[in-house]
Amino acid sequence: MAAARSAMALALAAIAAGGVLLSGCAAPAAPAAKAAWARPDDAQLFREANRLTWGVDSDAVSRLRALGYRRYVAEQLHPPPARLPPAVQAQIDAMTINQRPLVETARDMAAQRRQAASLADDDAKKAALKVWQQDMTQLGREAQTSEILHALYSPNQVQEEMTWFWLNHFNVFLYKGNIRATVGDYVDRAIRPHALGRFRDLLGAVAHHPAMLVYLDNVQNAVGHINENYAREIMELHTMGVGSGYTQQDVQQLARVMTGVGVSYQPNDPRLPPRLSPYFVRQGAFEFNPRRHDFGPKVFLGAPIRSHGLAEFDEALDRLASSPATAHFLSRQLAVYWLSDNPPPALVDRMAQTYLHTDGDIAAVLHTLFMAPEFMHAAGTKFKDPMRYVISSVRLAYDGRTILNAQPVINWLARMGEPLFGHQTPDGYPATEADWASSGQMETRFEVARAIGSGSAGLFRIGGPRPLDRPAFPQMANALYYDAFDRTLGPATRHALAQAASPQEWNSLLLSSPEFMRR
């Protein structure tokens, strides 16, 4: 066994370097009959599906074949409401985060913590706080699982990719404040519905959500006690970008605009004097409290703020969303995510012009990108970050079969340094190869490849006092592989696969190949 593991380790290292592998038995035989949809251009369909989805599966290739590239892109950019497989939807529907309103969940969790902290007996207090932590962690884990299931199984793959993109762009950290109780709602109500819409709508939805307001401390921002955290990050990371021309004074003015913008889970509205009560706004957990707002005159980005109360915030967000600097900053980030670590400046400029001409239509900007010659000619060059690597591995290995346990995926992502909702700083996870291609990172990927390639990896484990794995051996040596993926592989990888000593090793080598590491 030790010798076999050593040989496998050498094989994985060699294939990653594009080298020649050890000799052994032949790879699994090709299926006797090809799938009905197989045609000579399947390799091209595979490349297209690999770039426009979280990872290739036979459904994506079949849909591309049926529609063609242009119609498939149009369908993905303007999708109908997603219909998840019934078994997947049942898992999501059963989650606590989807059975109770956000306000109710957050309010009850806060009450549970207060009650635990008030206990006089130290042991009882410790035990009660432990239960509260466990309950909060379960809420966060449900949000992580929901995100994984959507990425794996939603037919609206570009929408799900953009949900992930915007979650990084508008990053929040799971373990700050009560965010574990709110992050599931943040994804489902602030991010996913607006992921392909107008950027201004997305920016506003994020800016009104308690997860963001708590994460960047705007709940502490009040007249006489200014907190600039969120104002600074809106300009530096969410809209215009560093070096785009705004000043520290603009940050300070925006922070004043945002005073009073916060969160409340109280059942009753606050008592306010008659002159302020018309300005009060409560929408779910979002609250604008005019008692905490600075009503003084403000000048932002070179022009006075004309509105009053919460409308000042809307006016400021309008200016930020319509800025040419924002158009260029977002366009480059999108090009880095989808195309290249160093995207062509001319393409970024065209995307920015589309943004400005369409009032920040995200789908239109992506259409400009996906139809660009620079995009069409760059297949197989963008290195996968851990999230894409793991999700694409599971999609290819199980080809639509519903996993029963997402915890292995959650664990793999954490080990590779990209835990879901786990980035502490507001900048989110990076999207460039240099950040994810270290030797330690690759070794972990090889371990993940072996775990998936050798069996169910715990993904099909049924819970209970005696968890049981349902058989789910990956069938990657299938028609999809022989009719499509095989034609995208280089000689070194083909040779390596031909030397695999077992189906398990063959699977692991395929998932560890240089070609599979890129989109």
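The values are calculated or read from the model by the stated rules, or taken from the named source; none is laboratory data. On a predicted model such as this, the values are computed, not experimentally measured, just so you know. Cβ placement follows ideal geometry from the backbone for every residue including glycine, while neighbour counts extend to all protein chains displayed. SASA here: full protein model, heavy atoms, side chains in, ligands and nucleic acids out. Shrake-Rupley method; radii C 1.70, N 1.55, O 1.52, S 1.80 Å.
Brief remarks on what is shown
- Partner aspartates and glutamates for Lys125 [C-alpha distance under 19 Å; skip if fewer than 8 residues away on the same chain]: Asp108, Asp135
- Most positive-pole-ward Cα, Ile462, Ile148, Ala231, against dipole of the chain from beta carbon charges: Ile462
- The charge dipole of segment 217-306, taken about its Cα centre with unit charges on the Cβ atoms of Lys, Arg (+1), Asp and Glu (-1) only, comes to about 420 debye.
- Anisotropy class of segment 402-517 from Cα gyration tensor, a/c 1.5 cut: oblate
- The mean sequence separation of alpha-carbon pairs under 8 Å and at least six residues apart, normalised by the residue count of the chain, gives a relative contact order of 23 percent.
- For the chain, the longest principal axis of the C-alpha atoms and the axis of helix 42-52 are separated by about 20°.
- Segment 441-463 and segment 488-519: distance between their alpha carbon centers, rounded to Å: 16 Å
- On Cα atoms only, tilt of 122-153 relative to the major axis of the chain in degrees: 60 degrees
- Per-pair calculated FRET efficiency, R0 = 41 Å: Thr96 and Leu276 via Cβ, rounded to 0.05: 0.65
- Dipole of segment 280-351, positive end: most advanced residue of Gly296, Val348, Thr326 [Cβ charges, Cα centre]: Gly296
- Net length gained if the chain between Glu374 and Gln353 were fully extended (0.36 nm per residue, minus Cα distance): 5.9 nm
- To put it simply, the accessible area of segment 86-148 at a 1.4 Å probe is 52 percent carbon and sulfur.
- Candidate values (i) 40; (ii) 52; (iii) 34, label of the one derived for percent of Cα pairs over 35 Å apart: (i)
- Residue-by-residue Karplus 3J(HN,Hα) for segment 213-222, coefficients 6.51, -1.76, 1.60, Hz, glycine and proline x: 5, 6, 4, 9, 6, 6, 5, 9, 8, 8
- Label-zone membership for segment 70-95, site Asp41, 7 angstrom Cα→C-beta point, backbone N under 16 Å: 70-74
- Whole-number percent relative contact order across segment 253-399, with pairs defined as alpha carbons under 8 Å at least 6 apart: 16 percent
- Cβ-based charge dipole, segment 317-454, positive-most Cα from Thr368, Leu413, Ala431: Leu413
- A Cβ-based charge dipole, computed about the Cα centre of the chain with Lys and Arg at +1 and Asp and Glu at -1, lands at about 560 debye.
- Cα gyration tensor, segment 374-443 - rounded (a/c under 1.5), prolate or oblate: oblate
- Modelled spin labels at Gln115 and Arg65, positioned 7 Å past Cα toward Cβ, are 5.8 nm from each other.
- Of interest is the spacing of the C-alpha centroids, which for segment 230-266 and segment 369-433 amounts to 30 Å.
- 1.4 Å probe accessible area per residue over the chain, in Å²: 42 Å²
- Across segment 402-421, the residues whose backbone nitrogen lies under 17 Å from the label position 7 Å along the beta-carbon direction of Ile462 are 402-406.
- Rounded if a/c under 1.5, otherwise prolate or oblate - segment 192-277, Cα gyration tensor axes: oblate
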